[in-house]
Every structure is written in structure tokens, then in C-alpha cells.
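To keep things clear, I will list the structure first and then write my remarks on it.
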Amino acid sequence: MPSPTEREEGLTIIIPALNEEEAIESIIQRCLAARDPIQQQTGLARVDIIVVDDGSTDATYPKALRYAPEIRVLKHERNLGYGAAIKHGFQESQTTLAGFLDADGTCDPLFFIPLCQKQKEGDYDVVLGSRMGPGSQMPAVRRLGNLFYSLLLGLLAQQRITDTASGMRVVKTASLSKIEPLPDGLHYTPAMTSRVLFHPGLRLAEVPMPYAERIGQSKLRVIKDGVRFLRIILEMALIYRPLPFFGTAALVLFALCGIYAPGLIRDALVLEIIPDDRIYRMLSLITFFVGGLMLLSVGFLGQKISLYLHNCQSKFLTLYNRILSSLPPLGLAAILAGLLINLAPLREYLSMGKIQHSWIYIAAGALLVLAGLQMLTMGALNFVIDLVIRLRGNDSQDRTRNNAVKARK
């Protein structure tokens with residue numbers, strides 16, 4: 001792949017194709033016809049076209065070859081995947097922008113004009129054409145699925161998005177190193193959308209575009225590929241935003257604690273003897289509270305690791321460090337409180353061999369001890385993570401100094 005300084009200002013249109021003999025010539029002709037208007041209206045110096053045949057078993061490849069040398073035609077001997085075909089085109093591109101569109105005729109190549117204009121206007125890393133406008137001919141099932149994934153991704157990434165899997169977009173080639181790695185399959189596009197939205201150093205924009213019914217049979221499998229889309233969105237959320245992901249689940253468990261706790265507190269303050277059937281409520285409360293604390297701690301640790309790995313000095317990083325460093329003393333205090341609550345029952349057991357105190361003391365002590373142990377464990381993990389980060393930083397500084405010494409020699 002050429003370096004950014006070696007690339008000429010322009011656009012490379014990549015057309016991934018698998019068994020598209022019915023549509024391939026039409027889309028190539030439309031791209032060739034759009035080449036001059038794209039240059040004239042965007043000011044780009046050149047527009048290249050690359051067709052990547054991804055192991056087609058029909059006449060797609062020989063039909064595409066008819067248009068060489070006006071276009072470049074690359075061929076995979078076997079099917080590697082939709083994403084792999086696009087990535088191959090990116091590697092062969094020699095321009096500052098690279099765009100791709102499906103070979104099925106659903107997208108108009110002239111729409112690269114507003115996409116490139118939008119990219120130039122805001123220097124976006126990715127600009128995609130949203131197919132979710134009122135004139136879209138997208139089938140109802142796919143429209144519903146896209147709406148679900150857009151809402152989910154927007155919630156997790158805290159950014160509005162209307163089309164996660166658009167097959168027409170423009171990418172700044174200098175940003176590819178930050179966007180990759182991406183999968184080779186049909187879930188390439190939602191993976192790219194997710195990574196850009198979650199990555200703190202990347203920016204994405206959408207432009208509503210017309211969308212027509214495809215020529216030929218779709219390669220998309222609604223259930224199989226839908227599961228892949230969902231998995232990749234959740235994976236990106238875990239990589240870049242673990243705190244909102246785990247924190248939301250923790251808040252649900254803490255909310256359940258809020259439902260269960262008042263009745264137990266009222267019974268403990270008003271009744272002299274707490275009914276035995278309340279023990280199930282107390283066990284549930286212990287489970288919800290300790291589980292919520294564990295998820296919240298994992299979220300904080302994961303977010304801290306994510307910020308370090310992506311070299312993001314967030315203003316919240318100091319806050320995360322303070323919270324995590326406060327866990328060990330809080331954990332010790334909780335364990336001590338739990339032991340003090342059970343001091344009298346323990347004396348009874350040691351002296352009489354039985355406990356006359358209400359079980360609520362034992363349960364409350366257990367809750368505090370378990371919560372304290374959880375906080376101590378997370379504090380210890382935070383300490384280990386800080387050591388690893390510090391050692392990596394020292395190693396990096398040592399390598400820099402050694403390289404500087406070698407350069408002087």
C-alpha cells in the first residue's frame with residue numbers, strides 16, 4: 001500500500017463482485033460515466049476504478065475484463081469474502097480517497113459526488129450513504145434489522161447513526177491504519193461503522209442517498225449475517241466502551257437491590273423477629289449487589305485499559321484511577337464492618353455451639369465481606385495493570401534512548 005505522501009489527490013472506486021454477471025457491466029459503465037462529473041464537481045485530480053472479483057464461478061470476471069485497461073480488474077482464485085475484496089482494493093489504490101459500492105446496481109456512482117464533498121467539507125475519516133431515507137427500496141425485513149442495529153450502535157457509541165451496513169461509502173486512505181483490522185465477510189461494513197464511531201480519534205458522517213432494488217439474488221442471509229452484525233457491534237462496544245456496557249448491567253442489578261432492600265430494612269427496624277421467608281429476599285439482595293459491584297468494577301477496569309491501549313488521555317482517566325485506587329481501603333472497611341456485625345453471633349457459637357441472633361446479622365455480614373473481597377480483588381488487578389503499563393512505558397523509553405544512541409554512532 002502506498003504511503004500517504006505517495007498518494008495523489010483523487011478517488012478510487014472499488015467494486016467487490018461475486019457472481020454478478022447480470023449486473024457487473026452495468027455498474028462498470030455507470031462508474032465510467034460518473035468519472036468526469038465526479039472530478040469536475042469535487043476538484044479531485046483523478047478517479048480510478050478497480051473491480052475485485054472474489055472467486056466468481058460465473059462470467060463476472062471475463063465481462064469485467066472487457067473494460068480493461070480503462071479499469072483495473074483483480075481476481076481471487078477462491079472466494080475470500082466481501083470484506084477481503086474491499087481490503088484488496090484498498091491495498092491497490094493510489095489515491096487519497098477510496099470508495100466502494102456494491103456491484104448489484106443498488107447504488108448510483110454519481111452519489112460519490114456528495115460523499116466526497118462531505119468528506120472534504122469536514123475532513124471526515126469515513127462518509128457513508130444512508131439507505132434509510134423515505135425513497136429507499138430496501139426490503140422491509142432488512143430495513144427493520146438495520147433500524148435495530150442503528151439504535152443499538154447509537155446507544156452504545158452515544159452517537160446518532162441511521163445506517164450501519166451501507167455498502168457505499170468514501171474512506172480517507174490515511175485513516176485506514178486506524179480503522180483496520182476488519183473482518184473479511186459481509187459484516188465488514190457494520191464493523192467499520194462501529195470501529196469509527198467508537199474510536200476517539202476517528203470521525204464519521206452520513207449523507208442520505210437513494211437506494212434501488214438490486215439486480216440478481218442477494219448474498220445476504222438475514223439470520224446468519226444478522227447475528228454476525230450483532231456480534232461485531234457488541235465486540236466493538238467491549239473494546240472501546242466497556243464501562244457503559246457493563247455499567248448498564250450493573251445499574252439494573254443495583255435497581256433490583258433498591259426494590260428488595262426497603263422491605264428488609266423496614267422489617268429489621270420494626271419487627272423484633274424477622275420472618276424466615278425473608279431469607280430468600282436477602283439472598284437475592286446479596287446476589288444482586290455483589291454481582292452489580294463486580295460488573296461495575298470490570299467496567300471501570302476495562303475502560304481504563306481501553307483508554308491506555310488507544311492512547312487516549314481522557315479527562316475521565318484521572319477519575320477512573322481515583323475510583324479504582326479507592327477500592328482496597330473501602331474493601332478492607334467493608335470486611336471489617338462485616339466481621340464486627342457478626343462478632344456477637346460468633347461469640348455465641350464459640351461459647352454455646354449455637355447462634356441465637358437473627359440470621360439477618362449473618363446475611364448482612366456476608367454481604368459486606370463478599371463486597372469487600374470483590375473490591376480488594378479489583379484493587380489488586382488495578383495495581384497489576386498499573387505495573388504493566390509502567391513497565392511498558394519504561395521499555396518504550398529504553399528503546400527510544402537505545403535507538404538515539406545507535407543513530408548518533
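Rule-based calculations on the coordinates, nothing more; no lab input. Quick caveat: nothing in here was measured; it's all calculated off a predicted structure. Please note: Cβ atoms are built from the backbone with ideal geometry, for glycine as well, and neighbour counts cover all protein chains shown.
Along region 153-160 the Karplus relation, 6.51 cos²θ - 1.76 cosθ + 1.60 evaluated at θ = phi - 60°, assigns HN-Hα couplings of 5, x, 5, 6, 8, 6, 9, 7 Hz to successive residues, with x for each Gly and Pro.
Karplus-based coupling profile of region 242-250, in residue order and whole Hz: x, 5, x, 5, 6, x, 4, 5, 5, with θ = phi - 60° in 6.51 cos²θ - 1.76 cosθ + 1.60 and x standing for Gly or Pro. Each Lys and Arg adds +1 at its Cβ and each Asp and Glu adds -1 at its Cβ; summed about the Cα centre, region 4-240 shows a dipole of about 600 debye. For region 1-102, the set of GluC sites (Glu not before Pro) satisfying both a DSSP loop assignment and a count of at most 12 other C-beta atoms within 10 Å is given as Glu70, Glu77. Of the residues Val126, Val290, the one with the fewest other Cβ atoms within 10 Å heads the list, and the complete ranking is Val290, Val126.
For the pairs Lys63/Lys178; Lys63/Lys172; Lys75/Lys304, note any where the Cα-Cα span goes beyond 32 Å.
With Cα atoms farther than 32 Å apart: Lys63/Lys178; Lys75/Lys304.
Each residue in Leu155, Leu11 was given a count of other beta-carbon atoms within 10 angstrom of its own, and listing them fewest first yields Leu155, Leu11.
Proximity of backbone amide H atoms, modeled 1.01 Å from N, is registered between Ile14 and Ile50, Gly99, Phe100, Leu101 at under 5 Å, excluding neighbours fewer than 5 places apart on the same chain. Computed over region 4-240, relative contact order equals 23 percent, with contacts defined as Cα pairs under 8 Å that lie 6+ residues apart. Other residues whose C-beta falls under 13 angstrom from the C-beta of Thr96 contribute a net charge of -2, scoring Lys and Arg +1 and Asp and Glu -1.
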